[in-house]
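> So that we are looking at the same thing, I have put the structure below in structure tokens.
The values are calculated or read from the model by the stated rules, or taken from the named source; none is laboratory data. These numbers were taken from a predicted model, which means no experiment stands behind them. Methodologically, a virtual Cβ is constructed for each residue, glycine included, from the backbone with ideal geometry; neighbour enumeration extends over all protein chains shown. SASA here: full protein model, heavy atoms, side chains in, ligands and nucleic acids out. Shrake-Rupley method; radii C 1.70, N 1.55, O 1.52, S 1.80 Å.
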Amino acid sequence: MDLVPPAPSSPDPVPAPHSTTPAAAPALGPVPAPSASGVAPSPLPALAHFLRSRRARLTPESVGLPRSGVRRLPGLRRAEVAVLAGISPEYYTRLEQGRQRHPSAEVLDALASALRLDADARRHLHRLTVRAARRTGPGDGPAGDCSPVPGATLRLLRATTVWPAYVISPVRDVLAWNDAAVRLITDFAALPVAHRNLAWFAYGDPRARELFVDWDAVARGNAHRLRDALAADPHDARGNRLVAELTAHSQEFAAAWEDHDVRGPGTGHKDLDHPSAGRLRLDYTVYVIPGARALELVVMTAPEGSPSHRALVRSAGSGPG
């Protein structure tokens, strides 16, 4: 059974097909210099934007404070956040106005608790105050992220015939994949190299909306992972160009990016509505590969004997398609 969604016609040149061969993602064109948020310069630093966005999501009732007076804007008042964090309202105001950019770790922990941040958001808050040094490496050059995929990982991909698996860079570039990923998701080798990226596939390829049952969650998840990567490495040239292109291409990506949500690697499940295999529910696990670039191996599985497992087994028996 062929599980490959039909590829749209494209005037772009198509590279020779391959599966477990690493692929580099080239630059997407010039954009303004990045800021600490991972996008073009903004009147406010990323820390100020992040604090404002999180304050707007809370209500007095949700944090155990009484509601008082008429509120023109949603969310907590600055003074209320300051009370919860045990800092002065004047100091917190300076943080949100970008006049104070490097609070202590203790203040950040207090703010994280006051704003009810989860583990990923708490880590992101601390990252935003670090003065990141400009990196020189594979992700900064015109050829994009050409980090080599370890040979042992490539052998693992070739040996994994039933479960879809692929290797991605921190900014979501797909660097290597197995035949099962081709059958389930798309033939990455048939895509222009600059678009072999999970965030681009989600927001820029119409097949993604048909493939993922909860497309919005999948797409936003890619935006959140991308922001997390650029908080760790704000000077990543490939990542900043990708954000600029996606923002220009998709209003939905631009909205998700402005949410300032972040997410690190983890586990979960995805529901797919495949044109050949039908409805599938697959669990995914992200394994971080040791190394300077923190590549990730993503493997999708299903419980043995389940309808989704049987569909993947039948697909493996039919070949790469």
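> Any idea what the dipole of the range 193-321 comes to, in debye rounded to 20, about its Cα centre with Lys/Arg Cβ at +1 and Asp/Glu Cβ at -1? Before the final figure, lay out the partial values.
Details: 15 positive and 17 negative charges, 87 e Å.
The calculation lands at about 420 debye.
> Quick one: Cα centre-to-centre distance for the range 235-309 and the range 193-216, in angstrom?
Here the answer is 10 Å between Cα centres.
> If I model a spin label as a point 7 Å beyond the Cα along the Cα-Cβ vector, how far apart are those points for residue 251 and residue 126 in nm?
In this crude spin-label approximation the distance works out to 3.9 nm.
> Please compute the modelled spin-label separation between residue 88 and residue 63, points set 7 Å along Cα→Cβ, answer in nm with one decimal.
Distance between label points: 1.9 nm.
> Just grab the label-to-label distance for residue 113 and residue 259, each label 7 Å out from Cα along the Cβ direction, in nm (one decimal).
Simple spin-label model gives 2.8 nm for this pair.
> What is the list of residues in the range 198-235 whose amide nitrogen lies under 14 Å from a point 7 angstrom out from the Cα of residue 273, following Cα to Cβ?
207-217
> Can you give me the solvent accessible area of residue 104 with a 1.4 Å probe, rounded to the nearest 10 Å²?
50 Å²
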